[in-house]
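Enquirer: Please see the structure below; I have some questions.
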Amino acid sequence: MAVLMMTTWRDRGLCRGTDPATFYPCDGDVSAEELAKAICAECAVREACLEHAIADHEKVGVWGGLGERERRRLGRRRRKSA
């Protein structure tokens, strides 16, 4: 009997297996944030990750290639255009 396995965007993310601290750099650590963003830039599920972060109002970390301030700006732009 074959087992159907459902995968989510989280299962396919390049961040899977990477130290989570990479995506939660200390305030002002630009080089650490850039490393996280470089990983995201190559990830096939980047958009799904970003949409999750916006929908769930993730306040910290790099999600979908955007840092905290960038996500807030994107959210404001989307609200203005709606």
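Enquirer: In segment 9-82, what trypsin sites (Lys or Arg not before Pro) fall in a loop by DSSP, with at most 16 other Cβ atoms inside 10 Å?
Expert: Values: sites: ARG10, ARG12, ARG16, LYS37, ARG46, LYS59, ARG69, ARG71, ARG72, ARG73, ARG76, ARG77, ARG78, ARG79, LYS80; in loops: ARG16, LYS59.
Passing both the DSSP loop test and the Cβ count: ARG16, LYS59.
Enquirer: Further question: Taking θ = phi - 60°, what integer Hz values does the Karplus form 6.51 cos²θ - 1.76 cosθ + 1.60 yield along segment 66-78, in sequence order, with x for Gly and Pro?
Expert: Per-residue couplings from phi come out as 10, x, 4, 5, 5, 5, 4, 4, 4, x, 5, 4, 5 Hz.
Enquirer: Taking only DSSP H segments of four or more residues, each worth -39500 (n - 2.57), what value at 222 nm results for the chain once the sum is divided by all its residues, to the nearest 500 deg cm²/dmol?
Expert: So the calculated ellipticity at 222 nm is -14500 deg cm²/dmol.
Enquirer: Which FRET efficiency, nearest 0.05, do ARG73 and ASP11 yield, Cβ-Cβ r, R0 25 Å?
Expert: On the way: r = 29 Å, r/R0 = 1.16.
That pair, ARG73 with ASP11, gives E of 0.30.
Enquirer: Just going by the charge dipole of the chain, with Lys and Arg at +1 and Asp and Glu at -1 on Cβ, which of LEU35, GLY17, HIS52 is farthest out on the positive end?
Expert: HIS52
Enquirer: Could you please state, rounded to a whole Å, how far the C-alpha centre of segment 22-53 is from the C-alpha centre of segment 60-76?
Expert: Result: 9 Å between the Cα centres.
Here, each number is a calculation from the coordinates, and none is a lab measurement. Here the structure is a predicted model, which means the values were calculated and not measured. Quick reminder, even Gly has a Cβ in these numbers, built from the backbone with ideal geometry, and neighbours come from all protein chains shown.
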